[in-house]
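Report on the structure given below.
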Amino acid sequence: MLLVNTKKMLEDARKNKYAIGGFNIHNLETLKAVVKAAYDMRAPLILQTTPGTINHAGEDYIAAMARVASEKYDIPIALHLDHGNSFELVMRCIKAGYTSVMIDGSMLPYEENIALTKKVVEVAHAAGVTVEAELGNVVGVEDDLYVKEDINALTDPKMAADFVEKTGIDSLAIAIGTAHGMYKGEVKLDFERLREIANLVDIPLVLHGASGVPDELVKKAIELGICKLNIATELKMSFANAIKEVFKNNPAESDPRKFLAPGEKKIEEVVKEKIKLFGCGGRA
Ligand code: 13P
């Protein structure tokens, strides 16, 4: 199957009250692990990479790997640019074969966020590529993106409705209290705000910073209208911890196939748990 955009999968998730995982991958092993888990669970999948990962691996290599995965396994797979930080990068990704992009203008003044997002929507839609944008700020660290805790501007529901109408985006990432990275204290989500946004906005809603959010809160967020959850940190940590364990037991190991395989296996396990939690298993 060819790579798909996120339109159909997110609309179906919205209609049937489940969520799709937006899983951040970094290399061949992490991509293979995520795809294998989704295939085994028959789950539609969004593979995503940040600008940092694109700097590391190259959008052409990433798109080629995703295409191979998509041809190999008959589940819908979208390749998504996560936190796209410029119009130019969006263009490069679309050219390389990404089927979905996020343009993150959330740190810009409101009108500038609208203008940039609108420009991206115009070109992306002409290429059949779906667009996610963000309003409000998810605090914490995501690659080169650092949003200070005290910025913590949660999404304003009326502004969200206005933003969606003016930009024509396909999905909206909102800030209701999640953070990128692992949480230090108790996770508190503003469900009243989510409820209000879901009432006013007629497109799928996305929650970033889903690593470390307790299962009960994730379920509630999905029930109230979240259709995509982004997971990066939990995958990175499980990959790294499994590899550290190899070297702890065998410091002389030098075969990448041997020290990377346990990391791959661990990611597969974590992704399967998330798919179960999100309710998207069996939907592909
Ligand atoms: P976590 O690193 O908290 O999982 O967040 C991932 C994310 O939101 C990617 O955009």
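Here the contact order of the chain, divided by its residue count and restricted to Cα pairs under 8 Å and six or more residues apart, works out to 23 percent. In this structure, the residue pairs whose Cα-Cα separation is over 23 Å, taken from 7/274; 15/188; 32/272, are 15/188.
Please list, or write none, the lysines whose alpha carbon is within less than 17 Å of the alpha carbon of residue 184, excluding same-chain residues fewer than 8 places away. Excluding near neighbours in sequence, the set is 148. All other residues whose Cβ lies under 14 angstrom from that of residue 60 are scored, Lys and Arg at +1 and Asp and Glu at -1, for a net of +2. On the basis of the beta-carbon distance and an R0 of 30 Å, residue 220 and residue 244 show a calculated FRET efficiency of 0.35.
Straight-line reach from residue 119: which lysines have a Cα under 17 Å away, not including same-chain ones fewer than 8 places off? Those lysines meeting the cut-off are 95, 166.
Here, each number is a calculation from the coordinates, and none is a lab measurement. Because the structure is a prediction, the values reported are computed rather than measured. Counting neighbours? That spans all protein chains shown, and the Cβs are built from the backbone with ideal geometry, glycine included.
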